[in-house]
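So the structure is just underneath, and the comments pick up after that.
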Amino acid sequence: MWSNGGWSWICLKNKSMPGHHNTFMLWLPVILFCLAIFLQSCFPSPDMGPTFPFKDKALHLAAYALLAALFVRACRWTWSGRFSRLQLMLLGIGFATVYGVSDELHQSLVAARQAEFMDVLADFAGSILGAAVYLKMSSRYSRIDKTGDIL
């Protein structure tokens, strides 16, 4: 289970699932994470955890890095070989950034929330980071892992 330096926990066994079920399992994390972002944006921002400068921007960066990585992962395995690494990266950045813009528009309609351009910039930076790190890690581990796991 913990092969590949601990990265197996984000892998799906390609051999154990038929095509449509496998595709659903690839896209389910993307859908659930988008839903979590949307639901969190429906309520006033909780003031939890330690405070530090630019905490809000760091959280945006981390959330949209994860969203971009999940999206690139799903695209990479759903349409294997159809897109170059650059195209996958641009797709992930585009999707996560557009979702970030839509989230800020949504927040502008919620009482006690407001849309901020700097949040969109943090979302954009996070999406670049997430897509790049995922593609770098997946290329490194795909050379090591020949078992059929999806990373």
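Select from region 84-100 the residues that are out of contact with any Asp or Glu (no Cβ under 9 Å at 6 or more places or on another chain) and closer than 15 Å to ALA132 by Cα and list them in ascending order.
SER84, ARG85, LEU86, GLN87, LEU88, MET89, LEU90, LEU91, GLY92, ILE93, GLY94, PHE95
Has region 56-75 got at least one residue that is at pLDDT 90 or above, in contact with a Leu (Cβ under 6 Å, 6 or more places away or on another chain) and of a type in the set (Val, Ile, Thr)? Spell out the reasoning first.
At the first step, the residues of region 56-75 found to be at pLDDT 90 or above are 57-75.
Applying the additional criterion that residues be in contact with a Leu (Cβ under 6 Å, 6 or more places away or on another chain) yields 65, 72, 74-75.
Remaining after also requiring of a type in the set (Val, Ile, Thr): 72.
Yes, there is a match, as at least one residue in region 56-75 is at pLDDT 90 or above, in contact with a Leu (Cβ under 6 Å, 6 or more places away or on another chain) and of a type in the set (Val, Ile, Thr).
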task: Out of the residues in region 94-131 that are β-branched (Val, Ile, Thr) and either part of a loop (DSSP other than H, G, I, E, B) or without any contact (Cβ under 8 Å) to a residue 60 or more places away in the chain (or both), state the one that is surrounded by the fewest Cβ atoms within 10 Å (Cβ to Cβ).
output: VAL98
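Return yes or no: is LEU39 out of contact with any Cys (no Cβ under 9 Å at 6 or more places or on another chain), aliphatic (A, V, I, L, M) and free of Cβ contacts under 8 Å to residues at least 40 places away in the same chain?
Numbers: out of contact with any Cys (no Cβ under 9 Å at 6 or more places or on another chain): yes; aliphatic (A, V, I, L, M): yes; free of Cβ contacts under 8 Å to residues at least 40 places away in the same chain: yes.
Yes: the conditions hold for LEU39.
Step by step: first the residues of region 55-77, then only those that are of a type outside the set (A, V, I, L, M, F, W, C) and surrounded by fewer than 17 Cβ atoms within 10 Å (Cβ to Cβ), then the one that is nearest to VAL110 (Cα to Cα). Which residue is that?
So, considering only residues that are of a type outside the set (A, V, I, L, M, F, W, C) and surrounded by fewer than 17 Cβ atoms within 10 Å (Cβ to Cβ), the one nearest to VAL110 (Cα to Cα) is ASP56.
If only one of PHE43, PHE38, PHE52 is under 24 Å from ALA111 (Cα atoms) and in a loop (DSSP other than H, G, I, E, B), which one is it?
PHE43
Kindly evaluate GLY49 against the criterion of being on the phi > 0 side of the Ramachandran plot and at pLDDT 55 or above.
On the way: on the phi > 0 side of the Ramachandran plot: yes; at pLDDT 55 or above: yes.
Here the answer is yes, as GLY49 does meet what is asked.
The values are calculated or read from the model by the stated rules, or taken from the named source; none is laboratory data. None of these values were measured; they are calculated from a predicted model. Backbone-built Cβ (ideal geometry, glycine too); neighbour counts: all protein chains shown.
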